[in-house]
Amino acid sequence: MGSAGLSRLHGLFAVYKPPGLKWKHLRDTVELQLLKVCGPAFAHLKVGVGHRLDAQASGVLVLGVGHGCRLLTDMYNAHLTKDYTVRGLLGKATDDFREDGRLVEKTTYDHVTREKLDRILAVIQGSHQKALVMYSNLDLKTQEAYEMAVRGLIRPMNKSPMLITGIRCLYFAPPEFLLEVQCMHETQKELRKLVHEIGLELKTTAVCTQVRRTRDGFFTLDSALLRTQWDLTNIQDAIRAATPQVAAELEKSLSPGLDTKQLPSPGWSWDSQGPSSTLGLERGAGQ
Amino acid sequence: MALSAQQIPRWFNSVKLRSLINAAQLTKRFTRPARTLLHGFSAQPQISSDNCFLQWGFKTYRTSSLWNSSQSTSSSSQENNSAQSSLLPSMNEQSQKTQNISSFDSELFLEELDELPPLSPMQPISEEEAIQIIADPPLPPASFTLRDYVDHSETLQKLVLLGVDLSKIEKHPEAANLLLRLDFEKDIKQMLLFLKDVGIEDNQLGAFLTKNHAIFSEDLENLKTRVAYLHSKNFSKADVAQMVRKAPFLLNFSVERLDNRLGFFQKELELSVKKTRDLVVRLPRLLTGSLEPVKENMKVFNTRLFKVKERHLFLTYLGRAQYDPAKPNYISLDKLVSIPDEIFCEEIAKASVQDFEKFLKTL
């Protein structure tokens, strides 16, 4: 049963990476757990990682096994957005923007209010909106492009610096605050830097205490497997559950039509795929 | 030319600065003249060095005084100064000077002593001379503190200069006695050179010796064997230096005991050789300290860190992290780690496994 199951194991699934664990070690652990089932038959198993998470970050991490590794590339090329919750702490600044980094500065934060924070977040979102359009290389003169831009469905389909498609404050109790960030082409370090810059904009300082990915493309927290579930049965079930979604998604991103169907995701995300890909290919002068 | 008989005893005060051994030698040298000259002074050349001090003190009580050597020229004033300041501790140069002068003058002395009439303590002396008598209190034969002996022991003085805290050492009478008896040049110097060789810096020697004064009773060859053993186990020189610094008693343990301890940790914690080495270099007290707490909590050490952390954080989130045995709803460390997840959630956390999983996804 084991070896047969293993040989038929192909596809994508998501795990929940706990903080403090390197993604490489996680990948190795999963590989080991799968090989334990039918040891000698398989020496290696192809397990690939999608968008990485650094050691201190946590959250949804997409893995591919067997032929699923190919799908990882496709997912990467779909340039889907990701959701994060980012916790910040007002009052100090460190060299690596983390709470445990070398202290650089300490400031007061009594003057910081929820309104000020919201205002700053709105400014950030606005500036990134502009960048989004710019990096998409979209000819805004077409009607479709205009409509999409109005609805905020444009995003770049090639390399770009980190772009924030949405940011808002979920919780504010100084010195702590919690942000929800929707972004693409990001690194966790840039997200921590974002917290630091928000602190500066608020005329105080801030460090980032937690970066947690809640969604990667269409993989959410609910489907992510915890450490105790990293075994053959659970992974098989997870792959099976994710397969139809994966297929649909990747088909959409390859199809040329202007499909404005939005994907169901928690909250208020606006990452629909498909139409942008064709528009992104246009090499017109971006406006 | 002849020295006044009264002046001879004053000369003895200047030798107070000398070390124990030298003092003993001196008394031996002057046995003959002392017998004839100083009635109160019954010289016993066979006396032991510490007893010597005792008797020395008593005898010099009456006879010690400043020595104005009439025959010495400019050195006389120096002699005066040095004798007057004889009460100041650890003046090596001064004592050297007095030694030099005294030894020089003692040659002269020997010749002239035969001619001098016997001196009696009952002899009346003038007022000026009486004022000039400086009588130190005698050294006690037994004392609670090393303070009484510091002035007279070169060993103790050198140790203080190194930074050793004698107030800690005097609390252990055997160690204090040992230090008094040891000769700095012969024994202690060898030990210090060995420690430097191991890798302890000069400024760290004081702290080390304050903690581990028992190392002086160890055989140097044994110590060298133990260091060689550690090297053979692939501990680098810097590693050994760090371990000895953090756990000063490390080298007092026999090779066998060190080996047993290393083996114990490797086996119980199921570590690789390299990991055991890393662990011991970072925490050498594991080798020297008691194994009781380690054995008691063996299960905890063998549990993965993340497991303990996750469970603890969950309990804290629920407000159930009670680790004080006196208070109700106490959760023992053993229970925290050893029981499986489902039972942990139901019994200890009083929550469902789903809640625990949801919580884990918020970390």
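Each reported figure results from applying straightforward, stated rules to the coordinates on display, with no laboratory input. Predicted model, so just to flag it, every value in this text is computed and none were measured. Glycine also receives a Cβ, built like all others from the backbone with ideal geometry; neighbour counts cover every protein chain displayed.
If you rank B:S126, A:S253 by fewest surrounding Cβ atoms within 10 Å, what's the result?
B:S126, A:S253
Mean separation of Cα pairs under 8 Å and 6+ residues apart, divided by the residue count of the stretch B:182-297: what relative contact order is that in percent?
25 percent
Can you work out the FRET efficiency for the pair A:A131 and B:L180, with r the C-beta to C-beta distance and R0 = 60 Å, to the nearest 0.05?
After rounding, the FRET efficiency stands at 0.15.
Net charge within 10 Å of B:V280 by Cβ-Cβ distance, Lys/Arg positive one each and Asp/Glu negative one each, not counting B:V280 itself?
Overall, the nearby charge balance is +4.
For B:D136 paired with B:D165, estimate the spin-label separation in nm (one decimal), with each label point 7 Å from Cα along the Cα-to-Cβ line.
Placing both labels 7 Å beyond Cα along the Cβ direction yields 2.7 nm.
State which entries of B:K211/B:K274; B:K168/B:K189; B:K335/B:K361 exceed 25 angstrom in Cα-Cα distance in the structure shown.
The answer is B:K211/B:K274.
Given points 7 Å out from each Cα along the Cα-Cβ axis, report the A:D74 to B:K275 separation in nanometres with one decimal.
Each label point is offset 7 Å from its Cα along the Cβ direction, giving 4.1 nm.
For the stretch B:210-363, what log10 I(q)/I(0) values come out of the Debye formula at q = 0.11, 0.14, 0.18 1/Å, with one point per alpha carbon and no solvent?
For the stretch B:210-363 at q = 0.11, 0.14, 0.18 Å⁻¹, log10 I(q)/I(0) is -0.61, -0.79, -1.01.
A:K141: which aspartates and glutamates have alpha carbons under 18 Å from its alpha carbon, excluding same-chain residues fewer than 8 sequence positions away?
Within the straight-line cut-off, A:K141 pairs with A:E282.
How many percent of the alpha carbon pairs in the stretch B:229-314 exceed a separation of 15 Å?
Summing the P(r) tail past 15 Å for the stretch B:229-314 gives 62 percent.
For the cross-link pairs A:K92/A:K203; B:K233/B:K295; B:K299/B:K350; A:K116/A:K189, which exceed 18 Å when the distance is taken from alpha carbon to alpha carbon?
Long pairs (Cα-Cα over 18 Å): B:K233/B:K295; B:K299/B:K350; A:K116/A:K189.
Evaluate the relative contact order of the stretch A:23-162 (contact order divided by residue number), counting alpha-carbon pairs under 8 angstrom at least 6 apart; express in whole percent.
Worked out over the stretch A:23-162, it gives 14 percent.
Return, for the Cα atoms of the stretch A:204-253, the radius of gyration and Dmax in Å, separated by a comma.
Values for the stretch A:204-253 (Cα only, Rg and Dmax): 15.4, 50 Å.
So, R0 is 56 Å and r is the distance between the beta-carbons of B:E201 and A:A247; what FRET efficiency does that work out to, to 0.05?
0.25
Listing B:F301, B:F359 from the residue with the fewest other Cβ atoms within 10 Å to the one with the most, what is the order?
Least to most surrounded, the residues fall as B:F301, B:F359.
Which entries of A:K22/B:K358; A:K22/A:K252; A:K106/A:K130; B:K275/B:K309 show an alpha-carbon separation above 25 angstrom in the structure shown?
A:K22/A:K252; A:K106/A:K130
Using Cα-Cα distances under 8 Å and only pairs 6 or more residues apart, what relative contact order does chain A have, in percent?
It comes to 27 percent, rounded to a whole number.
Between A:L226 and residues 5 or more places away or on another chain, which pairs have amide H atoms under 5 Å apart, with H built 1.01 Å from N, and which residues are they?
A:Y16
I need the shape label for chain A. Rule: rounded when a/c is under 1.5, else prolate if a/b > b/c, else oblate, with a, b, c from the alpha carbon gyration tensor.
Judged from the Cα gyration tensor, chain A comes out oblate (a/c at least 1.5, b/c at or above a/b).
If I model a spin label as a point 7 Å beyond the Cα along the Cα-Cβ vector, how far apart are those points for B:A228 and A:D54 in nm?
Simple spin-label model gives 5.0 nm for this pair.
For each of B:L161, A:L194, B:L262, count neighbouring Cβ atoms within 10 Å of the residue's Cβ, then give the residues from fewest to most.
B:L161, B:L262, A:L194
With viscosity set to 1.567 mPa s at 4 °C, what whole-number translational diffusion coefficient in µm²/s follows for the stretch B:186-292 from Stokes-Einstein and a Kirkwood radius over Cα pairs?
Roughly 92 µm²/s, to the nearest whole number.
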